[in-house]
1. Do you know which residues across the range 71-120 are over 14 Å from residue 147 (Cα atoms), without any contact (Cβ under 8 Å) to a residue 60 or more places away in the chain, crowded, with 18+ Cβ neighbours inside 10 Å and touching a helix residue (DSSP H, G or I) at 6+ places or on another chain (Cβ under 6 Å)?
2. Residues in the range 3-23: is at least one under 25 Å from the mean Cα position of the chain (by Cα) and either closer than 29 Å to residue 172 by Cβ or surrounded by 13 or more Cβ atoms within 10 Å (Cβ to Cβ) (or both)?
3. Could you check how many residues of the range 141-161 are in contact (Cβ under 8 Å) with a residue 12 or more places away in the chain and more than 22 Å from residue 75 (Cβ to Cβ)?
4. Would a scan of the range 296-308 turn up a residue that is more than 30 Å from residue 40 (Cα to Cα), touching a strand residue (DSSP E or B) at 6+ places or on another chain (Cβ under 8 Å) and modelled with pLDDT under 90?
5. Test residue 83 against the criterion of being on the phi < 0 side of the Ramachandran plot, in a loop (DSSP other than H, G, I, E, B) and out of contact with any strand residue (DSSP E or B) (no Cβ under 9 Å at 6 or more places or on another chain), and give yes or no.
6. I need a count of the residues in the range 98-152 that are part of a loop (DSSP other than H, G, I, E, B), out of contact with any strand residue (DSSP E or B) (no Cβ under 9 Å at 6 or more places or on another chain) and farther than 28 Å from residue 245 by Cβ.
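The values are calculated or read from the model by the stated rules, or taken from the named source; none is laboratory data. As the structure is a computational prediction, the values presented were derived from the model and not from experiment. Please note: Cβ atoms are built from the backbone with ideal geometry, for glycine as well, and neighbour counts cover all protein chains shown.
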């Protein structure tokens, strides 16, 4: 019996070792560069990390990232000065751009369309509008030198809070021993990404590993909001927006929102028009496109979508520089 158990353990170890080597050899695992909260309370990536972001269990997306000394994925360092023309684009994972090689980012595409400018992408997965406003406020000396500030606003979920508080719990969790082990053993990282380890995660958190969440497989139908619910949500979002502006400031002469009016309330758009808050709308460009603008497995912009975003921003900047 001992001999049988010993052989079984040895074969299991060898199988896992071969799987680990295969995952490493074919780079099926994704690299999530470490995060931290700096002295200004800004959550971002630890500088000087390079690697590849992988999405899907068949490497549906394989792209290189480069975290610069400022802690953001970018093709360049951020060195604003009064003698250059710089644009800062601030936002969440759509702006961070881990779904595309950093050499082919939105910022790079814009720089190819307009001469003598530098584009700084302050993108970080999970940023909402409070994160963005606090970032600009925290690095005010830097942003004072930047000529144009573009804030990406996903109206549907970016205005849920009226002030910024750092997410220390997430940083602690991602820095825990358990997550460090997962990141070192690439088979665990890959298994976690494709859902193989879900039962073990449930077991570790005291849940039933064999119980399936039936709501995850229910109809895709979304509960329609009533007019009263929409109005209440718009009032809350606008109040949060106003409070963020009051707390952190908003330079209307050089700050512009980037948004999709198809997914933005007309009440909020009217508020922006009435208060001279400029916005760049990329909805028409996306609607006219005969090619898909999103990845096939999630809603992040694909290369064509990013090209359209870059052209819309470049067109806005060209017109702004003429004035």
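1. 73
2. Just the residues of the range 3-23 that are under 25 Å from the mean Cα position of the chain (by Cα), to begin with: none.
The answer is no; no qualifying residue exists.
3. First, pick out the residues of the range 141-161 that are in contact (Cβ under 8 Å) with a residue 12 or more places away in the chain: 142-143, 145-161.
Checking which are more than 22 Å from residue 75 (Cβ to Cβ) leaves us with 153-161.
Looking only at that region, the number is 9.
4. Looking through the range 296-308, at least one residue is more than 30 Å from residue 40 (Cα to Cα), touching a strand residue (DSSP E or B) at 6+ places or on another chain (Cβ under 8 Å) and modelled with pLDDT under 90.
5. Numbers: on the phi < 0 side of the Ramachandran plot: yes; in a loop (DSSP other than H, G, I, E, B): yes; out of contact with any strand residue (DSSP E or B) (no Cβ under 9 Å at 6 or more places or on another chain): yes.
Here the answer is yes, as residue 83 does meet what is asked.
6. Summing the residues that are part of a loop (DSSP other than H, G, I, E, B), out of contact with any strand residue (DSSP E or B) (no Cβ under 9 Å at 6 or more places or on another chain) and farther than 28 Å from residue 245 by Cβ in the range 98-152 gives 1.
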